[in-house]
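Notes to accompany the following structure.
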Amino acid sequence: MSALPPQYNPKDVEEARYAWWESQGFFRADPDPKRKPYTIVIPPPNVTGILHMGHALNNTIQDILIRFARMQGFNALWVPGTDHAGIATQNVVEKALAKEGKRRQDLGREAFLKRVWEWKEQYGNTILYQLKRLGASCDWRRTRFTMDEGLSEAVLEVFVRLYEKGLIYRGNYIINWCPRCQTALADEEAPRTETQGKLYHIKYPILRQGTGDRGQGKTTPVSRPMSPVSAFIEVATTRPETMLGDTAVAVHPKDKRYKTLIGKHAILPLVNRKLVIIADEAVDREFGTGAVKVTPAHDPVDFQLGKKHKLEFINVMTDDAKMTNVPKPYEGLDRLDCRSKLIVDLEQQGFLGRIDEHVHNVGHCYRCHTAVEPRLSPQWFVKMKPLAEPAIKAVKQGTIKFVPARWTKVYLNWMENIQDWCISRQIWWGHRLPVYYCESCRRRQETGDRRQAKAQRVSRPMSHVSEPGVIVSKTRPERCPTCGGTELAQDEDVLDTWFSSWLWPFSTLGWPKKTKDLAYFYPTDTLVTAQEIIFFWVARMVMAGYFCMKRPPFTTVSIHGTVRDITGKKMSKSLGNIIDPLEMIGRYGTDALRYTLVTATAIGQDIFLSEERFAAGRNFANKLWNATRFVLAQDGIEKYRVLPKAGKVPGTFSVADRWILSRLQQTTARVTKSLEASLFNDAASALYGFLWHDFCDWYVEIAKHVPAEQQPATRAILRHVLEQALRLLHPVMPFVTEELWQHLRQGTTKPPVSRLMSHVPISIMKAEWPKVEKRLIDREAERLFERLQAVITAIRTTRSELNVPVESRPPVHLASPQAEVRMFFEIHRPLLQQLAALGDISVEAKRQAVRHAAAMVVDGVEVLMPLEGLIDPAKERARLQQRLDDLTRQRAQAEARLKDRQFTTKAPAEVVEQTKTRRAELQDTAKKVSEHLAVLQGM
RNA sequence: GGGCGGUUAGCUCAGCCGGUUAGAGCGCAUGCCUCACAUGCAUGAGGUCACAGGUUCGAGUCCUGUACCGCCCACCA
């Protein structure tokens, strides 16, 4: 291996390193009864997706966990893959088709699907390549796709099982309908956004008492024009066009204004339909006029009202949101055009009241952002309550834990109020429902039910009934089990994409087959995800896990924050505030990106990012690079493969040696603990501080000046500490650590000459995770070294403040009454000279009286720096006086605290002791400083 | 309407089980091209820990309330 280039260039190492790891099979994991598994399932990114910062954070965290586990000796498996993202993918392909001037209907289902598959083959792996650039150490052999044969099999299996248990049913429900995508959307797929709209007040004439029958909810059109009108009831709506489907008006039962009207009828303007006025607590008296029009087929609340009060359900919109089943002038109009026309017509005929500006929450399709229409339509549902039970129990009992724990409540709250899940989608790309309809059964039903001729117009909500002629089967049935007919048609709909993703933790391991993988790797360990997806995916995976496997899919759910820009906005394309992770990788390197993401926040907190932060990561990588260059440049470094015991090498371990080794142990403990607790930022910054400040700023500087007889020990330690710290850093910054580690290893290990060497790992990612060596923890060395640091820093500070040029190497007098302290400084005299740029150093028991000297008192040690001609005595006096004032103030504080603590029994003795020591130190220091001041004043 | 999070240096954020003198990075100022690194070294300035109460010998940390910012959930038509 060639020497390290002087400049660190991430591009030179990253791709090659990744390819090498992969070719060596380091990412692979297979069942091995001798080792403990550690498994992560990747949240399958959407196949149309590209890597955004949220993915980058998510996958960095997962990669840290998996690399950490791998180095700890676990058989670590990370299964990658993508989901087929039904609507999104279909959209992409449809867009491409549109450029050719075609619609999917022009191709037909089969040809269209072929196009989608082609697209998937060509572009579907983009995000996986991007994950590789991020360094993700997935077992790529196992890459899965939710439309794979195996995973599709799992989907059908679950559908059939659920159906057979009565947990899947078909029904007419109000669903969110995207008129553009022409499909049903789950509530989670139609997030509400605040929308500026208008609140239209419309006057519905009230039918005079005594006319019309009082039959509940029967709405026969009023044949006569509205002559018997006595007054109006005014309602408010944001979607006037839905009035055409109104079948009632509702008021609050206790609302005095309308009390007398309850049970009477109103007339729907323009349509002349008779509407019953009902009373229901769901109505908000405060809102609008306190009276609400009821459109059971086009509003979720009204739907509930409709069921409760047995109203008619009139569907007035087609799949593409054109009006239907409405009076002539409106028939076929687009919903919005109809709205405008209605307003004009209402106005002309005097039915229109006020129009207010109104901000309301409207659901928008999460794919195309079209406003969704609540709409009655036949869909397939999963009954969720029974599935939720074990999923609730698991979390309550702690079988599954959330990190941070506060998400537990969010999860439970949702689970306990869970709604049935609409799983059918009216698109082509996806798993087609394994449902078949017998044509002859259907025909028989229709003829036997002629009265339902109006059914086209009026549909009633269905509840779960197993319908004759409906066959649910994994494979296409030969004949209808009811009538034996062979004319069978498969349901046109496909399943919600999440219906395949919720099976991911076990379907990727081979379920429903009983595979070795499944037995060994399931349940998985950690699920890392963003909070947005708790309901979408996490909750459902838990349910699926219990339903299919009778066991949880994972044991820990680690929720990380959302990545936001510097102003707190969510990063999104439409806001144009995207920081592209790949661009950052290109500019600063993958390690820098990962480091920055990980240090940016404590887990669970949102992350605010700005580009400057990535430079810090790059600088850190560069620092490591250069530190390693320094270490490698030491003569004879190749001899030090292992850390010798003190005394086994020429020279003994100095205080600095003991200090850095001790600090390494502390760091190892801290990093290990932090990673185990998902405190990634803590682990990363502990390593940053140790490597940069302890190792580079101090130990490396010291290493440059150790006497010859101690050099072997120092070199061994330089190499050891760096090598160990690189291991600790590897999960966070895999590339640069591997590169440097290889050079260190190459520089320090003879090539394997026998099989005895075969245990030596050839990659840092397979190296053992450092253990804390208790024997190397050395509090005394830490204390001593800290004193040395304090003295050096004090001297530097003074020089800097007094503008003493570096090239003048002033002498220094040290004084301490303690013999061991004097001894310590005698030994470290050369070091002190180097690091503080000093001339002669004298060490004495008693302070000398030196005129024209800068004086410092550090940790009980007096430091005098004679600076004849270099300092202004007045300036120095002022400096000392300032110092003395500070000390006096601090002492007063300590005194007050001590009083508090001493005269109570509750303050622990230890704390009182600490305060006493502190006070004594301050007193001693103040005394010495004032003596120096006195000397100066004598001048 | 419910629930949750945040408020600490100019900026972005750490701060564990309450305990010495509240930290980091960036930015800023000053001095340094010191033979690993100017993507660097040294030094410094900068904080009433949002506000008000409370618990405690002791509160950035625990409790209550207030204000502001943000997020999630919910059927304001």
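The values are calculated or read from the model by the stated rules, or taken from the named source; none is laboratory data. Because the structure is predicted, anything quoted here is derived from the model rather than measured. Methodologically, a virtual Cβ is constructed for each residue, glycine included, from the backbone with ideal geometry; neighbour enumeration extends over all protein chains shown.
What are the residues in the stretch A:278-324 that are of a type in the set (S, T, N, Q), within 12 Å of RNA strand B (Cβ to nearest atom) and in a loop (DSSP other than H, G, I, E, B), if any?
Passing the criteria: A:T289, A:T295.
With the condition kept exactly as written, say whether any residue in the stretch A:122-134 is touching a Lys or Arg at 6+ places or on another chain (Cβ under 9 Å), among the polar types (S, T, N, Q) and crowded, with 20+ Cβ neighbours inside 10 Å.
Within the stretch A:122-134 (the criterion being touching a Lys or Arg at 6+ places or on another chain (Cβ under 9 Å), among the polar types (S, T, N, Q) and crowded, with 20+ Cβ neighbours inside 10 Å), the answer is no, since none of the residues qualifies.
Within the stretch A:272-283, identify whether any single residue is more than 46 Å from the chain's Cα centre (by Cα) and of a type in the set (D, E, K, R), and answer yes or no.
There is at least one residue in the stretch A:272-283 that is more than 46 Å from the chain's Cα centre (by Cα) and of a type in the set (D, E, K, R).
Quick check on the stretch A:920-927. Is at least one of its residues closer than 17 Å to A:A855 by Cβ, of a type in the set (K, R) and modelled with pLDDT of 80 or more?
So far as the stretch A:920-927 goes, yes, one or more of its residues are closer than 17 Å to A:A855 by Cβ, of a type in the set (K, R) and modelled with pLDDT of 80 or more.
Could you please find all residues in the stretch A:407-456 being of a type in the set (D, E) and modelled with pLDDT under 80?
A:E446, A:D449
In contact with a His (Cβ under 6 Å, 6 or more places away or on another chain), at pLDDT 70 or above and outside any loop (DSSP other than H, G, I, E, B): is that true of A:Y204 in this structure?
Answer is no for this residue.
Tell me, yes or no, whether the stretch A:87-95 has at least one residue that is outside any loop (DSSP other than H, G, I, E, B), free of Cβ contacts under 8 Å to residues at least 24 places away in the same chain and closer than 29 Å to A:A190 by Cβ.
Yes, because at least one residue in the stretch A:87-95 is outside any loop (DSSP other than H, G, I, E, B), free of Cβ contacts under 8 Å to residues at least 24 places away in the same chain and closer than 29 Å to A:A190 by Cβ.
Considering each residue of the stretch A:681-713, count those that are within 11 Å of RNA strand B (Cβ to nearest atom) and crowded, with 20+ Cβ neighbours inside 10 Å, and give that number.
Count: 9.
Against the conditions (1) more than 21 Å from A:Q818 (Cα to Cα); (2) under 53 Å from the mean Cα position of the chain (by Cα); (3) in a helix (DSSP H, G or I), where does A:A907 fall short? Just the number, please.
Exception for A:A907: condition (3).
List every residue pair whose Cβ atoms lie under 7 Å apart, where the two residues are 6 or more positions apart in sequence or sit on different chains, the first residue falls within the stretch A:281-293 and is farther than 10 Å from A:H252 by Cβ, and the second residue, located anywhere, is within 6 Å of RNA strand B (Cβ to nearest atom).
Here the result reads A:G288/A:A236; A:T289/A:A236; A:K293/A:T237, each pair linking the stretch A:281-293 to a residue that is within 6 Å of RNA strand B (Cβ to nearest atom).
When the residues of the stretch A:889-909 are filtered to those that are aliphatic (A, V, I, L, M) and within 9 Å of RNA strand B (Cβ to nearest atom), which remaining residue is modelled with the lowest pLDDT?
A:A907
Residues A:E14, A:E22: which one is modelled with pLDDT of 90 or more and either of a type in the set (G, A, S) or over 22 Å from A:T82 (Cα atoms) (or both)?
A:E14
I need the full set of residues from the stretch A:1-49 which are assigned to a loop (DSSP other than H, G, I, E, B), more than 16 Å from RNA strand B (Cβ to nearest atom), of a type outside the set (D, E, K, R) and surrounded by 14 or more Cβ atoms within 10 Å (Cβ to Cβ), in order please.
Across the stretch A:1-49, the qualifying residues are A:F26, A:F27, A:A29, A:P31, A:I42, A:P43, A:P44, A:P45, A:V47, A:T48, A:G49.
Find the helices (runs of 4 or more DSSP H) located wholly in the stretch A:758-868 whose residues include 3 or more that are within 51 Å of the chain's Cα centre (by Cα) and closer than 23 Å to A:A725 by Cα, and list them.
In the stretch A:758-868, the matching helices (runs of 4 or more DSSP H) lie at A:779-802.
Mind checking which residues of the stretch A:230-265 are assigned to a strand (DSSP E or B) and either near RNA strand B (Cβ under 10 Å from one of its atoms) or not charged (D, E, K, R) (or both)?
Listed by number, the residues that qualify are A:S230, A:A231, A:F232, A:I233, A:V235, A:A236, A:T237, A:A248, A:V249, A:A250, A:V251, A:H265.
Only residues that are aliphatic (A, V, I, L, M) and either part of a loop (DSSP other than H, G, I, E, B) or on the phi > 0 side of the Ramachandran plot (or both): list them for the stretch A:360-409, please.
Within the stretch A:360-409, A:V372, A:M384, A:I400, A:A405 qualify.
If you go through the stretch A:126-133 one residue at a time, do you hit one that is at pLDDT 90 or above, more than 27 Å from A:A56 (Cβ to Cβ) and aliphatic (A, V, I, L, M)?
No, the conditions are met nowhere in the stretch A:126-133.
I'd like to know if the stretch A:592-610 contains one or more residues that are at pLDDT below 90, more than 9 Å from RNA strand B (Cβ to nearest atom) and surrounded by fewer than 17 Cβ atoms within 10 Å (Cβ to Cβ).
no
Report every pair of residues separated by at least 6 positions or lying on different chains whose Cβ atoms are under 6 Å apart, first residue within the stretch A:407-423 and more than 11 Å from A:I534 (Cα to Cα), second modelled with pLDDT of 85 or more and among the charged types (D, E, K, R).
That search, which allows pairs on different chains as well, returns A:D420/A:K383; A:I423/A:D496.
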